[in-house]
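The values are calculated or read from the model by the stated rules, or taken from the named source; none is laboratory data. Computed from a predicted model, the values in this text were never measured in an experiment. Positions of Cβ are generated from backbone atoms using ideal geometry, with glycine treated the same way; all protein chains shown enter the neighbour counts.
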2 protein chains.
Amino acid sequence: MKQQLHNYLNRYVSFSETEVDMFYEVLTPKTFNKKDYLLKEGELCKDKYFIIEGLVRIYKIDAKGNEKIAHFGLENWWMTNMESFILQEPSLLYIQAIENTKVLAISKMNLELAFQKIPKLERLFRIITENMFVAIERKNELYMKYSSKERYHNLVDHIPDFAQRVPQYMIASYLDITPEYLSEIRKKK
Amino acid sequence: MKQQLHNYLNRYVSFSETEVDMFYEVLTPKTFNKKDYLLKEGELCKDKYFIIEGLVRIYKIDAKGNEKIAHFGLENWWMTNMESFILQEPSLLYIQAIENTKVLAISKMNLELAFQKIPKLERLFRIITENMFVAIERKNELYMKYSSKERYHNLVDHIPDFAQRVPQYMIASYLDITPEYLSEIRKKK
């Protein structure tokens, strides 16, 4: 796990072995089985999760009782409910494992301490937050500009094995279309 | 201008006078008249702008030729097209002054150098990018959850003088409603 973290960190900023070790020490390995919740609506989001292995989804339940998937999280992604984690307010969202999932977790307080001890982490999180910001703006753009069919192909082309790993009804929820319409799109490929 | 920057920076992180001076030195004061463009579609977004005084909007022109406003930027906000600035790709958006506007501008290269010289800036931009991320998620949430009327009141209640400073047709574009419908909402207040 440490090697995977090391490789990930050094994609963005050059960390020494000592810095990686210091960071690794404040991360807590956790395991979630398929369908386990990492966070439920109404709870405080206490942790940021670095996904070592597995797949999670972040979603909410709308006024009509339907699940609306906001994002998926895969290996080498940080997953959290940013709003609840930063503001320490109760979550409006659920985070759930879709596969058996191994993560490295860090609390807000430990992350703040790590920023003080390892200033390069500020740079890392500044860069990945900027990237997340661009990704969410692009997702909004895709929604306005492209058809469901184009958005489906954009999704499966960018994330290998995605269509195999994620149940169809979840992909439909993420794309905001019915499972029947998704099935039609897939047949026409 | 330096005092305003100083006050702004110290809202988030404690900067020394020397650090504020070092940062101020790499910022370039620029003035835009009402209706001037800070950025046009197809151009590279070279600068991040800290707004000292004035008001700008960031918008795109959709396939039907309609203006779609994504955000407004006021005093003490950083404004840029993040996607174009970070990836150094041509902008899909316009940034335009709605009032006569004074800014402090910084290029990507100078910002990178400033991060190296003044590590606390990494923390500042990590924090404000996280806040921006939360703001954009909240805006998406508002769109899904609330009526145009509620979104209008949320906007004018959170930003004082907003309804006086921004032309009605721009507020309508931002809320994705017709100017006629906005006028109805305002009458019913």
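Between A:145, A:188, A:139, the distinction of being surrounded by fewer than 20 Cβ atoms within 10 Å (Cβ to Cβ) and in contact (Cβ under 8 Å) with a residue 24 or more places away in the chain belongs to A:188 only. In region B:25-69, of all residues being within 14 Å of chain A (Cβ to nearest Cβ) and in contact (Cβ under 8 Å) with a residue 60 or more places away in the chain, the one that is nearest to residue B:106 (Cα to Cα) corresponds to B:48.
Where helices (runs of 4 or more DSSP H) fall entirely within region B:72-147, those with at least 3 residues that are more than 10 Å from chain A (Cβ to nearest Cβ) and not hydroxyl-bearing (Ser, Thr, Tyr) are at B:108-117.
Of all the residues that make up region A:29-43, how many are farther than 17 Å from residue A:69 by Cα, in contact with a Leu (Cβ under 7 Å, 6 or more places away or on another chain) and surrounded by 13 or more Cβ atoms within 10 Å (Cβ to Cβ)? Total meeting the criteria: 1. Among the criteria (1) within 16 Å of the chain's Cα centre (by Cα); (2) under 30 Å from residue A:59 (Cα atoms); (3) modelled with pLDDT of 85 or more, the one residue B:126 does not fulfil is (1).
If you check residue B:177 against the conditions, is it β-branched (Val, Ile, Thr), touching a residue at least 12 places away in the same chain (Cβ under 8 Å), away from every other protein chain (no Cβ under 14 Å) and part of a helix (DSSP H, G or I)? So residue B:177 fails the test.
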